[in-house]
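Comments concern the structure below.
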There are 2 protein chains.
Amino acid sequence: MKNISSNRPTDSEMEILEVLWENGPSSVRFINNEINKKRPCGYTTTLKLMQIMLKKQLLTREDKTKVHIYAPLADRDATEGLLLENFLTKSFSGSAHRLVMQALGNHNTTDAELEEIKKLIDELERKQYGNDE
Amino acid sequence: MKNISSNRPTDSEMEILEVLWENGPSSVRFINNEINKKRPCGYTTTLKLMQIMLKKQLLTREDKTKVHIYAPLADRDATEGLLLENFLTKSFSGSAHRLVMQALGNHNTTDAELEEIKKLIDELERKQYGNDE
DNA sequence: TTGCGACTACGAAAACCTTCGTATATATTT
DNA sequence: AAATATATACGAAGGTTTTCGTAGTCGCAA
């Protein structure tokens with residue numbers, strides 16, 4: 001098997017993890033239903049994927065009851081950060097700036113969210129004050 | 001074959017496209033050299049990939065001379081946008097806001113770039129004025 | 001207790017990606 | 001003209017990811 005700590009979830013695995021992070025520990029049935037709100041996907045497909053993720057240590061599960069309940073093992077920010085890192089390198093030649101411009105330009109973001117981003121930028125600028133690398 | 005218009009380039013294909021966008025139409029040899037500055041990759045590997053991309057309509061080529069010259073068919077912004085779309089859906093449950101926060105928080109962005117982003121946000125806010133959907 | 005519905009387990013196919021070996025053509029040099 | 005260097009074409013191996021069919025288990029209602 002591969003190095004476990006560097007196990008980047010695949011797209012499909014990420015889809016499952018997002019549901020779990022949003023909704024808390026869930027059954028396969030629930031997760032499959034959520035996914036099917038976005039695209040068609042067979043029940044056993046989701047099941048199999050989750051069994052693999054269990055082996056990969058991306059999930060844990062409670063199997064005392066008949067219906068198994070799964071939960072993510074890794075923390076959301078860390079995982080998303082890992083993937084962002086890779087995506088940025090591979091698809092945006094590492095330019096966070098270009099990625100952000102695209103993301104903001106093409107997607108609806110509420111005023112409140114925009115304000116929050118501005119606040120973050122101000123903070124970053126204050127921190128960077130003096131060392132304009 | 002699959003729907004051509006939605007042909008998302010893969011990671012390796014993206015590597016090739018980036019070289020082309022940066023340097024203009026190029027030969028396989030040139031591109032393979034550029035890639036080898038970052039990682040080892042056989043010549044025929046790059047060649048094969050580019051032939052596939054030709055079929056997929058990601059590239060065009062000029063083959064009147066002995067050495068074929070390839071050029072990207074789609075433009076950079078559109079392509080990156082397509083990939084972002086997918087990444088956002090699969091890995092950030094569609095939340096551009098969260099993605100931007102992560103990207104800004106974890107990567108060095110120059111003051112000038114931060115300013116540019118702020119300007120974009122101001123513009124977006126002005127546009128949204130009145131219809132807070 | 002039989003049958004039905006909902007669940008897990010798992011092998012294996014299908015699809016997709018990346019890599020490379022080999023064959024072949026075409027210029028250039030000696 | 002032969003040898004050399006550099007191209008393209010393409011099949012196929014090897015790996016990973018995704019999908020699904022089939023089999024077996026368990027609880028519950030008729």
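Counting only residues that are more than 9 Å from DNA strand D (Cβ to nearest atom) and surrounded by 13 or more Cβ atoms within 10 Å (Cβ to Cβ), the range B:9-45 holds 20 of them. Pairs meeting the criteria (first residue in the range B:22-48 and among the aromatic types (Phe, Trp, Tyr), second residue more than 8 Å from DNA strand C (Cβ to nearest atom), beta carbons under 8 Å, at least 6 apart or on different chains) are B:30/B:19; B:30/B:23; B:43/B:28; B:43/B:29; B:43/B:32. The residue that is modelled with the highest pLDDT, among those in the range A:109-132 that are outside any helix (DSSP H, G or I) and at the interface with chain B (Cβ under 7 Å from one of its Cβ atoms), is A:109. Under the condition of being away from DNA strand C (no atom under 13 Å from the Cβ), over 23 Å from residue B:7 (Cα atoms) and out of contact with any Phe, Trp or Tyr (no Cβ under 8 Å at 6 or more places or on another chain), the residues counted in the range B:29-59 number 4. Only a single item in (1) in contact (Cβ under 8 Å) with a residue 24 or more places away in the chain; (2) more than 11 Å from DNA strand C (Cβ to nearest atom); (3) within 18 Å of residue B:18 (Cβ to Cβ) is not met by residue B:62, and it is number (3). Looking only at residues of the range B:93-108 that are small (Gly, Ala, Ser) and outside any loop (DSSP other than H, G, I, E, B), we find that the one that is farthest from the other protein chains (Cβ to nearest Cβ) is B:105. Considering the range B:46-92, the residues that are within 10 Å of chain A (Cβ to nearest Cβ) and basic (Lys, Arg) include one that is surrounded by the fewest Cβ atoms within 10 Å (Cβ to Cβ), namely B:76. Might you check whether a residue that is without any contact (Cβ under 8 Å) to a residue 40 or more places away in the chain, within 16 Å of DNA strand C (Cβ to nearest atom) and touching a Ser or Thr at 6+ places or on another chain (Cβ under 8 Å) occurs anywhere in the range A:6-14? Scanning the range A:6-14 turns up at least one residue that is without any contact (Cβ under 8 Å) to a residue 40 or more places away in the chain, within 16 Å of DNA strand C (Cβ to nearest atom) and touching a Ser or Thr at 6+ places or on another chain (Cβ under 8 Å).
The values are calculated or read from the model by the stated rules, or taken from the named source; none is laboratory data. Just so it is clear, the structure is predicted and the values come from calculations on it, not from any experiment. For neighbour counting, all protein chains shown are included, and Cβ atoms are generated from backbone atoms with ideal geometry for every residue, glycine included.
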